[in-house]
Amino acid sequence: MKIVLLTGAGISAESGVQTFRGSDGLWEGHRVEDVASPEGFARDPQLVHNFYNGRRKQVLEVSPNPAHLALAKLARTRGVELMLVTQNIDDLHERGGSEEVLHMHGELLKARCNDCGAVVPCREDLSRASICPICRGIDCMRPHVVWFGEIPFGLDEISAAISSADLFVAIGTSGRVYPAASFVSWARRAGVRTLELNLEVSDATGVFHESRRGRAGDLVPAWVEEVIATKGH
Ligand SMILES: [Zn+2]
C-alpha cells in the first residue's frame, strides 16, 4: 500500500512549536514579509538571523508527540510504502523515529551558503559573522528554509509519488499554503483516495473523500492502528 502523507503546523503545534501566524497576522511581532522573504533578508539580514535563531532554540526545547511517533511506526510497517512530506521546518518527525522525511519548506537545523551552495547542520545561532565551513566565506550563511517567493523542495518527487499512491493523507494543514494546498487536488485527479486529519475544518476540507476532526495526538495513532489492522484484508 502506497501512502503519501503531508504534515503541517498542526502536528508541531501540539508539541508546543508556535504556529506560523497569530491572529494579529504577525509572527512573533514581525511582519511575515520582513522575516520570511529574500527581500527581507537582503534588507536586514541580522533581523532575519535573530528571528530564526529564536525559532531554532524553541524547536530544540520541544519533543515529538504521539502523532510523530505513530507515523514512524507506520513507516516501519511491512507492506506500507510511505512518503512522508512535511511543511514543518522542525526535526520532530526525525526525533520521533522517522528516517526519511521530505522537508518541502526546508529545515531550521540546517544552514545554507549563498556563495558555494553547501547545506550544513546548524544547531547554533547564525549571524552575519558566521563562516561557511566548506568555502570559508563570511556573511554568506542563511537559514535553509524556503521563504515566500522561493520554490519548495521536492515538488516533482512529491507529484510523482501522489500520482502513483493508493492514499493521500493531510495532517494538521490549513489548506491555505500553496503549493501544498494543491496536493489533495492532484490526488483527486489521479483517482487517489484522500483523507484529512485536522483539528478544525480547513479551507480544503470539502475536497477530501473523508475528513476527521480532533487533535493529531489522538487521531493519528488511532488511524495508524487502523491501517496496520486492515492492511492485507
Ligand atoms: Zn560556502
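Since every read-out is calculated from the coordinates, none of them should be taken as a lab result. Model, not experiment: these values are computed from the prediction. All Cβ positions, glycine included, derive from the backbone under ideal geometry; neighbour counts span all protein chains shown.
Every cysteine in the chain with no other Cys Cβ under 4.7 Å from its Cβ, please list them in numeric order.
Unpaired cysteines in the chain: Cys122, Cys140.
Using Cα springs under 10 Å in a Gaussian network model of the chain, which residue among Ala111, Ala129, Ala216 shows the largest mean-square fluctuation?
Ala129
Using Cα atoms only, what is the angle between the long axis of helix 216-230 and the major principal axis of the chain, expressed in degrees (0 to 90) to the nearest 10?
Taking Cα atoms only, the helix is inclined about 40 degrees.
So for the range 138-218, Kirkwood radius off the Cα pairs, Stokes-Einstein at 4 °C and 1.567 mPa s: how many µm² s⁻¹?
Rounded to a whole number, D works out at 92 µm²/s.
Pairs of lysine in the chain with Cα under 28 Å and at least 8 positions apart or on different chains: total?
Qualifying lysine pairs in the chain: 6.
Would you kindly state how much longer the chain becomes between Glu81 and Ser163 on full extension, computed as 0.36 nm times their sequence separation minus their alpha carbon distance, in nm to one decimal?
Contour length minus the Cα-Cα distance gives 28.1 nm.
Averaging over all projection directions, find the projected area of the Cα convex hull of the chain and quote it in nm² with one decimal place.
Mean projected area for the chain: 12.6 nm², to one decimal.
Show me, bin by bin at 10 Å from 0, the whole-percent P(r) of the range 5-85 based on Cα pairs.
Each 10 Å bin holds this share of Cα pairs: 16, 35, 29, 16, 4, 0.
With the crude spin-label approximation of a point 7 Å out along Cα→Cβ, what separation in nm comes out for Val119 versus Glu99?
Simple spin-label model gives 1.9 nm for this pair.
Expressed as a rounded percentage, what relative contact order does the chain have, with Cα pairs under 8 Å and six or more residues apart?
That works out to 24 percent.
Compute the orientation-averaged projected area for the range 29-145 from the convex hull of its Cα atoms and round it to one decimal in nm².
Working: hull surface 32.4 nm².
That works out to 8.1 nm².
Using a basic spin-label model with each label point 7 Å from the Cα along Cα→Cβ, how many nm lie between Glu150 and Ile134?
A separation of 1.4 nm, rounded to one decimal place.
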